[in-house]
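J.: Before I ask anything, let me first share the structure, which is written out below as structure tokens.
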Amino acid sequence: MGQQDFGAALRRLREHTAPATVGLPAGGRRRAPGLRREELAELAGVSADYVRRLEQGGRHPSAGVVAALARALRLGRAEYERLCALSGHAAADGQVPREVGTGAIRLLERLDGTPVCLCDAAWNVVAWNGAWAALRCGEPTAHRWDGNIAWRTFGGAPSRVRRTAERVAGFETMLAARLRTASLRYPADTSLATLVDELRSESGTFDGLWRTARTAVAAEDRAVLHHPDVGELTLDCDLLAVPDGDAVAVIFTARPGSADAARLGEIVDGRTGTVCLGQIGPGRP
């Protein structure tokens with residue numbers, strides 16, 4: 001099996017997927033049944049030329065691209081696993097990894113002094129360092145999803161972090177898209193399924209983003225933190241993929257040499273050490 005096999009399988013799936021199956025109108029007359037390359041590309045968040053090269057065997061997709069294509073085509077588990085096998089990637093099992101791996105711990109330790117939290121694929125905060133704790137991004141609640149960033153974002157939990165309307169939209173789109181990817185990769189995870197069901201029931205914004213099935217692209221994110229001790233800080237928020245455990249690190253930094261950097265230094269000074277959890281922890285971004 002190789003790139004030609006993957007390309008042939010992808011083309012066959014695209015040509016046998018009715019537009020209505022993926023939420024698209026049938027439109028006017030079509031030269032061939034199934035989806036157009038442009039339509040699949042739009043749903044998967046890649047270019048039509050990239051889809052063409054994949055189908056012709058000219059490109060090797062990453063595991064993330066395979067997941068995005070499978071999600072866009074609304075594939076079942078068996079078809080998804082076959083695409084993974086043809087692309088040389090192992091399909092994820094049915095459960096979101098909950099353990100914090102040694103590689104992730106080393107990352108938190110090496111970034112000691114920089115606020116970092118680690119989230120699993122369902123956006124539960126599972127570990128963070130002392131600098132992150134010092135930010136005090138939000139107030140704890142008694143809700144069962146208190147330590148889940150997606151719930152705190154769409155559920156309106158108390159937070160000291162504010163974004164512009166444009167950045168709020170980008171952040172929310174990213175969260176919904178990543179949860180869709182996680183639900184495809186971990187279809188047997190009942191906790192993730194329950195979270196998604198509750199978010200769709202309680203948040204019209206999340207439900208709308210979920211139904212569009214779009215893939216978020218990386219975008220610059222910046223937020224203002226209202227810290228009770230030093231006042232406002234403007235911080236950049238970056239996401240770093242952590243393959244160990246299919247996790248993501250959320251990192252807050254300030255522009256070097258700025259007043260924000262000085263105030264951030266005051267907050268995190270002396271806050272060393274890493275806090276780890278084996279269960280859902282306090283997110284509150």
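Just so it is clear, none of the values below were taken in a lab; they were calculated from the coordinates. Since we're looking at a predicted model, the values are computed, not measured. Here Cβ is always computed from backbone atoms with ideal geometry, including for glycine, and neighbour counts include all displayed protein chains.
J.: If N is the number of residues in the chain, what value comes out of its Cα radius of gyration divided by 2.2 N^0.38 Å?
T.: Values: Rg = 20.5 Å, N = 285, 2.2 N^0.38 = 18.8 Å.
Dividing the Cα radius of gyration by 2.2 N^0.38 Å gives 1.09.
J.: Taking amide H atoms as placed 1.01 Å from N in the peptide plane, list the residues 5 or more away in sequence, or in a different chain, whose amide H sits under 5 Å from that of L75.
T.: Correct list: empty.
J.: Could you give me the radius of gyration and the Dmax of segment 1-124, taking only the C-alpha atoms into account and expressing both in angstrom?
T.: Rg, Dmax (Cα atoms, Å): 18.0, 60.
J.: Sequence gap at least 6, Cα distance under 8 Å: using those rules, report the relative contact order of segment 139-218 to the nearest whole percent. Walk me through the numbers before you get to the answer.
T.: Details: 55 pairs, mean separation 26.7, N = 80.
Relative CO of segment 139-218 lands at 33 percent.
J.: Long-range amide H contacts for S159: which residues qualify at under 5 Å (H placed 1.01 Å from N, peptide plane, sequence gap of 5 or more or a different chain)?
T.: When sequence neighbours closer than 5 places are left aside, the close amide H contacts are E139.
J.: Report relative contact order for the chain in percent, whole number only (criteria: Cα-Cα under 8 Å, sequence separation at least 6). Mind showing how you got there, number by number?
T.: On the way: 501 pairs, mean separation 65.8, N = 285.
Computed value for the chain: 23 percent relative contact order.
J.: Say a site is exposed when it is one of the GluC sites (Glu not before Pro), sits in a DSSP loop, and has at most 14 other Cβ atoms within 10 Å; what is then the longest site-free stretch of the chain?
T.: Values: sites that count: E99, E220.
Excluding the exposed sites themselves, the longest stretch runs over 100-219.
J.: Need one number: the % of Cα-Cα pairs in segment 84-156 sitting beyond the 21 Å mark. Walk me through the numbers on the way to the answer.
T.: Values: 1077 of 2628 pairs.
Tail of P(r) above 21 Å: 41 percent of Cα pairs.
J.: Can you give the longest stretch of the chain with no exposed loop site, where a site means trypsin sites (Lys or Arg not before Pro) in a DSSP loop (not H, G, I, E or B) with at most 11 other C-beta atoms within 10 Å?
T.: Details: sites that count: R29, R30, R31.
Here the longest run is 32-285.
J.: May I pose another question? Tilt of helix 259-268 relative to the longest C-alpha principal axis of the chain, in degrees (0 to 90, nearest 10)?
T.: Computed tilt is about 80 degrees.
J.: Another question, then. Note the angle between two axes, namely the Cα long axis of helix 3-15 and the longest principal axis of the Cα atoms of the chain, as a number of degrees from 0 to 90, rounded to the nearest 10.
T.: 80
J.: While we're on this one: Could you state the angle between the C-alpha long axis of helix 63-72 and the longest principal axis of the C-alpha atoms of the chain, as a value from 0 to 90 degrees rounded to the nearest 10?
T.: Helix 63-72 and the main axis of the chain meet at about 60 degrees.
J.: Further, regarding this structure: So, in Å, what gap is there between the alpha-carbon centers of segment 159-186 and segment 1-71?
T.: 25
J.: So for the chain, taking the charge dipole from beta-carbon charges (+1 Lys/Arg, -1 Asp/Glu), which of T272, P158, P187 sits furthest toward the positive end?
T.: P187
J.: Along each of the three principal axes of the Cα atoms of segment 59-104, give the extent in whole Å, ordering the values from largest to smallest.
T.: Result, largest extent first: 33, 23, 16 Å.
J.: Please state the charge dipole magnitude for the chain, taken about the Cα centre, from unit charges on C-beta atoms (+1 on K and R, -1 on D and E), reported in debye and rounded to the nearest 20.
T.: Computed charge dipole of the chain: roughly 1120 debye.
J.: State the answer as a single residue: which of A18, I149, F252 lies farthest towards the positive end of the charge dipole of the chain, with beta carbon charges of +1 for Lys and Arg and -1 for Asp and Glu, about the Cα centre.
T.: Farthest towards the positive pole: A18.
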